[in-house]
Amino acid sequence: MLDAKIPAGPLDKKWENYKGHCKLVNPANKRSLEVIIVGTGLAGASAAASLGELGYKVKAFCFQDSPRRAHSIAAQGGINAAKNYQNDGDSVYRLFYDTVKGGDYRAREANVHRLAEVSGNIIDQCVAQGVPFAREYGGLLSNRSFGGTQVQRTFYAAGQTGQQLLLGAYSALERQVALGNVTLYNRHEMLEIVKIDGKARGIIARDLITGKLERHFGHAVLLASGGYGNVFFLSTNAMGSNVTAAWKATRKGAFFGNPCYTQIHPTCIPVSGDHQSKLTLMSESLRNDGRIWVPKKKDDNRKPADIPEDERDYYLERRYPAFGNLVPRDVASRAAKERCDAGYGVGSSKQAVYLDYAAAIERYGKIEAGKRGVHSPSPELVRQLGVEVVAEKYGNLFEMYEKITGENPYEVPMRIYPAVHYTMGGLWVDYELMTTVPGLYALGEANFSDHGANRLGASALMQGLADGYFVIPYTIGNYLADEIRTKAIPTDHPAFVEAEQQVKANIDRLMSIKGTKSVDSFHRRLGKIMWDKCGMARNEKGLKEAIEEIKALRAEFWKDVRIPGTADEFNPELEKAGRVADFLELGELMCIDALNRRESCGGHFREESQTEEGEALRDDANFAYVAAWEYKGDSSYELHKEPLIFEEAKPTQRSYK
Amino acid sequence: MNLTLKVWRQKNKNDQGRFETYQVQDISSEMSFLEMFDVLNERLINEGKEPIAFDHDCREGICGMCSMHINGRAHGPWAGTTTCQLHMRAFKDGDTITVEPWRASAFPVLKDLTVDRGAFDRIIEAGGYISVNTGNAVDANAIPIPKDKADAAFAAAACIGCGACVAACKNSSAMLFVSAKVSQLALLPQGDPERSTRALNMVAQMDKEGFGSCTNTGACEAECPKEISLTNIARLNREFIRSGFTYEK
Amino acid sequence: MKWSQFFNTSIGKKLLVGATGFFLCSFVLVHLAGNIQLLYKDGGKAFNTYAAFMGHNSLIQFIAWGLKIVIVLHALIALQLTFSNRRARPVKYAISAGNQTSSWYSRQMAVMGSILLVFIVIHLADFWAKFHYAELPTISYEANGEPIKDLYSIVWQVFENPVWVIIYVIGMIGLSFHLIHGFKSAFQTFGLNHVKYNGLISFVGVWLFGILIPIGFAIIPVYILFNH
């Protein structure tokens, strides 16, 4: 059985106790301890900066041309923190409870509580770094509400919160680079973990410009390489987001936790055609003011404006009166799918629902007119004022929608549909964020995380920064304190040589296939299998088929993929091929995990396990565990269980009615 | 629609480079500009040719990685839009589109349309930060900041570091980029302690990287996908003058 | 940062260009005020008296030499910046945005400045050098008054030739566009960009320095050409 090394004591004292008792490394020793960090998003950049500040010798790797490009930058809506600045009843416990409940009771209580505890510090830290959060006229910070909660605890910077937080972490990282504490390796991709005597001791990385393989030693290796949503080909992830780092770790003995937990985000711009390369998210914050509806009549082809109010079905408000349009993401996504599958979808593809701002524009317009002392304003004035208020709040999102679709969302309701957005699964880690390989850590979205089976909005940024700024600086010391006698291992050590040879052999194998089909064509096909059979709803038959299909596709890939160019130059096709090869293995594991979990929970919806009303039905008796999979060779995985024990947040049927 | 593309091809840093012409057929107006490139690349691969290398990642206009000079315009014809958000609606059937990489000695071409923008990172290293170690922060609301100042700081901080300002400027000046960061931090009280050194060091690094100087033509502002304002450049100038005239070291 | 370093940065150099530019702006204003006297049909009394005063007052002579140094400095630093700006883009674009993103004259400051520089050299050789170093006819306007050089007649003679008039008009077109951008641009370089004053700065830059003053200068040779 897996030991998560959760500290003893009452839940709200565990982290305090841990910090008080973990081992420390003295400053002189820190200087000779090297740490490798893969990925420079919120988790990676904040960890690199914080560990650099502490005095460790840090090497940070990213495949993009600059750490500032990491995909955390695209997060829009906000970051949660239990500050209770709004005096609306928030507390650390509430944030903890909402997160565990939102995650459908599949998260580890101790981790979540720690996350809630440090959430406030994150906001303090970011403000100190100069992150320009939205403010009220009094100069104090502003908050908005987000799905799955009844308090306003989300801090934001227009629709670009992720960008501002990442640039804050990036600047802290660049400061450490300037001070010589961190060395940056841009346009480098990690392709293998080097293990010596069972411990992670380094990586093999490929310089993406020259194609040269490099060996890097580290006393510890941190993976902060993000999620694997791109296994679906179409997702809101960046084109380069990949599972390679985490997957190489899996193949080197790190267990992969809950791979089937995928978050499908309800408010994305629908697919417009076969050419589509990625999907674009419209921030969840839009559900604060927008109303979601479909026509009450099937195959209603009227323009939305021509459909009268009483012929519209505001299905979220109808089904979930307590939370309405602000139900958690998994619930909102499934509800949209249910309506579209039943034939009520809108748009040319019929795979979309309306997100309507007409009511919000009118409501805000009236308030604004009232503020200005206009007592019976004309509808035109109401509209004009309302549009101004909405533009102030969501202007950049509306503009983005218009650029992509060519439709003006102030005039016509937006069309939205769920899309893959985030993966709650990832490398299994213990309380210290260490994987099952000693010295190998996973942070941020790359780990199986604190979000259970479903992540609440504005919690990903919180977790990434919590891991990087406030957790790993303590927990890594507890490990490295025992490593102070380990001298830096020269990279001509046989383990490095062997790892490099393995990587080289893999690249040579890919290059030598010289088949007929592009990497993208395989990726698209994999994505389709995953979306159809391991997407928003899953069943035994589909999953079994998917496993076979993926196996066949993988075999075809290794026979017939075509990669132009050579391996010793800048070759984006080769990069993609390596990543898709890993996705082709991961996809299978996701299906295996989904097949194993014969219950519905959070983002994982098994059609066999639902209530009469079509809500997800958990099976706590049999599945209240983290499924951690050990790689045992081709298509072979062994399941290890970490039982989840709920002392504070007792599992109940999640209800947002 | 059918289009003629003239695309800059360059094998590596040392290659001379040249334009190559491609015909693309059946392009949907719903496609993004980069999806049109995906279609072309897919075809080139099928024909056994080398696909065109270009930088891109988030494809939602925020990571700043995409960087194409399209028909003489950084990020193409739409104002306030990155290449990845540019859609084919902007063109009409039969158009010839010329696509070049960013051109600046500080941004050497790596391959085809991909350039090295490491100079921007080094400018940030020179002072584009507030020196606060993790754990040193006071409560976030202990520092009230007037809304207009916070909004202006945010508007400057919206810079995505794509380099369109450099690409658009006839002098390849990086002033808009540098000024956006200097402005953000100058507008906030947190940025005050390092105010003097920041402007001086970042400008010195900018010069060292080989960017040109600003002649206030305004092309950067016109091409910036995040519509960063020229007032930031004025603020950088003020910060620089103030520091140059008063800082003792 | 030492002064030498400060003024060696790109912004430092721009500040020098801007400061010298402002000084030259003030000069053209004064210069026009004097020159406009060429239009009086008083046999040159006002103008020649003014010229004699300007030519003999030592403070003015001191400023006049300073002015020449400022012109040279302005031109040299601006040229140096222009060349380093060109080096910043060794490979040019095949297609450029043209006027879609900036005004042509804002991009042609070096060209306009060079036209002006050539013009200034011609202008100095024509009048300033003659006035100071050549034998000029003299005239006295009062009985027993000291004879003063009759620059007025020389000017009137020169502008009987349409070629000279065209050269002067071209010079002033150069001045016009140089100042339409330059005046406002110098404010920006000094960091003076404020929504409450930008309108005024722009107005003064365009209408006073960019249009009125160059027209004022250009009108003199044109007027003489048609009225001699």
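Could you please find all residues in the stretch C:141-178 being farther than 21 Å from C:Met109 by Cα, of a type in the set (Gly, Ala, Ser) and surrounded by 14 or more Cβ atoms within 10 Å (Cβ to Cβ)? Passing the criteria: only C:Ser153. Cβ separations smaller than 8 Å between residues 6+ apart or across chains give the following pairs from the stretch A:341-359 residues that are in the same structural domain as A:Leu397 (by TED's automatic domain parsing) to residues that are assigned to a loop (DSSP other than H, G, I, E, B) and among the β-branched types (Val, Ile, Thr): A:Ser349/A:Val271; A:Gln351/A:Val271; A:Ala352/A:Val346; A:Val353/A:Val346; A:Tyr354/A:Val346. Would you check if there is a residue in the stretch C:101-119 being polar (S, T, N, Q), more than 19 Å from the chain's Cα centre (by Cα), under 24 Å from B:Ala164 (Cα atoms) and facing another protein chain (nearest Cβ under 7 Å)? Yes: the stretch C:101-119 contains one or more residues that are polar (S, T, N, Q), more than 19 Å from the chain's Cα centre (by Cα), under 24 Å from B:Ala164 (Cα atoms) and facing another protein chain (nearest Cβ under 7 Å).
Scanning the stretch A:398-435 for residues that are buried (at least 22 other Cβ atoms within 10 Å of the Cβ) and out of contact with any strand residue (DSSP E or B) (no Cβ under 9 Å at 6 or more places or on another chain) turns up just one, A:Met400. Pick from the stretch B:203-249 the residues that are among the polar types (S, T, N, Q), part of a helix (DSSP H, G or I) and more than 7 Å from every other protein chain (Cβ to nearest Cβ): which of them is surrounded by the fewest Cβ atoms within 10 Å (Cβ to Cβ)? Applying the filter and picking the extreme gives B:Thr246.
Listed here are the residues, each with its yes/no results for (1) over 30 Å from A:His188 (Cα atoms); (2) away from chain B (no Cβ under 14 Å); (3) touching a helix residue (DSSP H, G or I) at 6+ places or on another chain (Cβ under 8 Å); (4) outside any loop (DSSP other than H, G, I, E, B).
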| position | (1), (2), (3), (4) |
| --- | --- |
| A:Asn230 | no, no, yes, yes |
| A:Leu234 | no, no, yes, no |
| A:Asn237 | no, no, yes, no |
| A:Lys248 | no, yes, yes, yes |
| A:Ser272 | yes, no, yes, no |
| A:Leu279 | no, no, no, no |
| A:Val294 | yes, yes, yes, yes |
| A:Asp299 | yes, yes, no, no |
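Considering only residues that are surrounded by fewer than 16 Cβ atoms within 10 Å (Cβ to Cβ) and assigned to a strand (DSSP E or B), which ones fall in the stretch B:23-57? If the condition is that a residue be surrounded by fewer than 16 Cβ atoms within 10 Å (Cβ to Cβ) and assigned to a strand (DSSP E or B), then B:Gln23 is the only one that fits. Within the stretch A:547-591, track down each residue that is among the acidic types (Asp, Glu), more than 14 Å from chain B (Cβ to nearest Cβ) and within 27 Å of the chain's Cα centre (by Cα). Scanning the stretch A:547-591 gives A:Glu549, A:Asp582, A:Glu585, A:Glu588. Could you say whether any residue in the stretch A:42-50 is assigned to a loop (DSSP other than H, G, I, E, B) and either in contact (Cβ under 8 Å) with a residue 60 or more places away in the chain or touching a strand residue (DSSP E or B) at 6+ places or on another chain (Cβ under 9 Å) (or both)? No - not one qualifying residue is present in the stretch A:42-50.
Taking the conditions (1) more than 26 Å from B:Met68 (Cβ to Cβ); (2) free of Cβ contacts under 8 Å to residues at least 24 places away in the same chain in turn, B:Gly218 satisfies each one other than (1).
Each residue in the stretch B:70-101 was checked for being within 13 Å of chain C (Cβ to nearest Cβ) and on the phi > 0 side of the Ramachandran plot, and 5 of them qualify.
If you take the residues in the stretch B:21-64 that are among the β-branched types (Val, Ile, Thr), in contact with a helix residue (DSSP H, G or I) (Cβ under 9 Å, 6 or more places away or on another chain) and at the interface with another protein chain (Cβ under 7 Å from one of its Cβ atoms), which one is farthest from A:Gly162 (Cα to Cα)? Looking at the filtered set, the residue picked out is B:Ile45. Which residues, counting only those in the stretch A:10-52, are away from chain B (no Cβ under 14 Å) and among the hydrophobic types (A, V, I, L, M, F, W, C)? Passing the criteria: A:Leu11, A:Trp15, A:Cys22, A:Leu24, A:Val25, A:Ala28, A:Leu33, A:Val35, A:Ile36, A:Ile37, A:Val38.
Taken together, A:Gln125, A:Gln129 contain a single residue that is in contact with a Gly (Cβ under 6 Å, 6 or more places away or on another chain), farther than 30 Å from A:Ala332 by Cα and touching a residue at least 24 places away in the same chain (Cβ under 8 Å), which is A:Gln129. Of the residues making up the stretch C:69-96, not one is modelled with pLDDT under 95 and farther than 30 Å from B:Arg73 by Cβ.
The lone criterion from (1) at pLDDT 95 or above; (2) crowded, with 20+ Cβ neighbours inside 10 Å left unmet by A:Arg654 is number (1).
Among the residues of the stretch C:1-41, those identified as outside any helix (DSSP H, G or I) and surrounded by 13 or more Cβ atoms within 10 Å (Cβ to Cβ) are C:Met1, C:Phe7, C:Asn8, C:Thr9. I'd like to check something: does the stretch A:586-601 contain any residue that is touching a helix residue (DSSP H, G or I) at 6+ places or on another chain (Cβ under 7 Å), assigned to a loop (DSSP other than H, G, I, E, B) and surrounded by 14 or more Cβ atoms within 10 Å (Cβ to Cβ)? Looking through the stretch A:586-601, at least one residue is touching a helix residue (DSSP H, G or I) at 6+ places or on another chain (Cβ under 7 Å), assigned to a loop (DSSP other than H, G, I, E, B) and surrounded by 14 or more Cβ atoms within 10 Å (Cβ to Cβ). The set of residues in the stretch A:322-366 being more than 18 Å from A:Gly603 (Cβ to Cβ), touching a Phe, Trp or Tyr at 6+ places or on another chain (Cβ under 9 Å) and either assigned to a loop (DSSP other than H, G, I, E, B) or hydroxyl-bearing (Ser, Thr, Tyr) (or both) consists of A:Ala322, A:Tyr344, A:Gly345, A:Val346, A:Gly347, A:Ser349, A:Lys350, A:Gln351, A:Ala352, A:Tyr354, A:Tyr357. Residues of the stretch C:115-124 include at least one that is outside any loop (DSSP other than H, G, I, E, B) and closer than 30 Å to B:Arg73 by Cα. Entry remark, the stretch B:58-79: residues being surrounded by fewer than 24 Cβ atoms within 10 Å (Cβ to Cβ), in contact with a Gly (Cβ under 9 Å, 6 or more places away or on another chain) and either under 17 Å from A:Asn230 (Cβ atoms) or not aliphatic (A, V, I, L, M) (or both) number 1 in total. Take the conditions more than 7 Å from chain A (Cβ to nearest Cβ), at pLDDT 95 or above and out of contact with any His (no Cβ under 7 Å at 6 or more places or on another chain) and apply them to B:Ser67. Does it pass? Taking the combined requirement at face value, the residue satisfies it. The helices (runs of 4 or more DSSP H) found entirely in the stretch B:103-202 that carry 2 or more residues being surrounded by 21 or more Cβ atoms within 10 Å (Cβ to Cβ), more than 9 Å from chain A (Cβ to nearest Cβ) and modelled with pLDDT of 95 or more are B:118-125, B:164-168, B:175-187.
In the stretch C:94-109, the condition of being out of contact with any helix residue (DSSP H, G or I) (no Cβ under 8 Å at 6 or more places or on another chain), of a type outside the set (A, V, I, L, M, F, W, C) and not in a helix (DSSP H, G or I) is met by at least one residue. Among the residues of the stretch A:271-314, those that are hydroxyl-bearing (Ser, Thr, Tyr) and either within 30 Å of B:Arg59 (Cβ to Cβ) or within 27 Å of the chain's Cα centre (by Cα) (or both) comprise A:Ser272, A:Ser277, A:Thr280, A:Ser283, A:Ser285.
The values are calculated or read from the model by the stated rules, or taken from the named source; none is laboratory data. Owing to the predicted nature of the structure, the values given are computational and were not obtained by experimental measurement. Neighbour counts run over all protein chains shown; Cβ positions are idealised from the backbone, glycine included.
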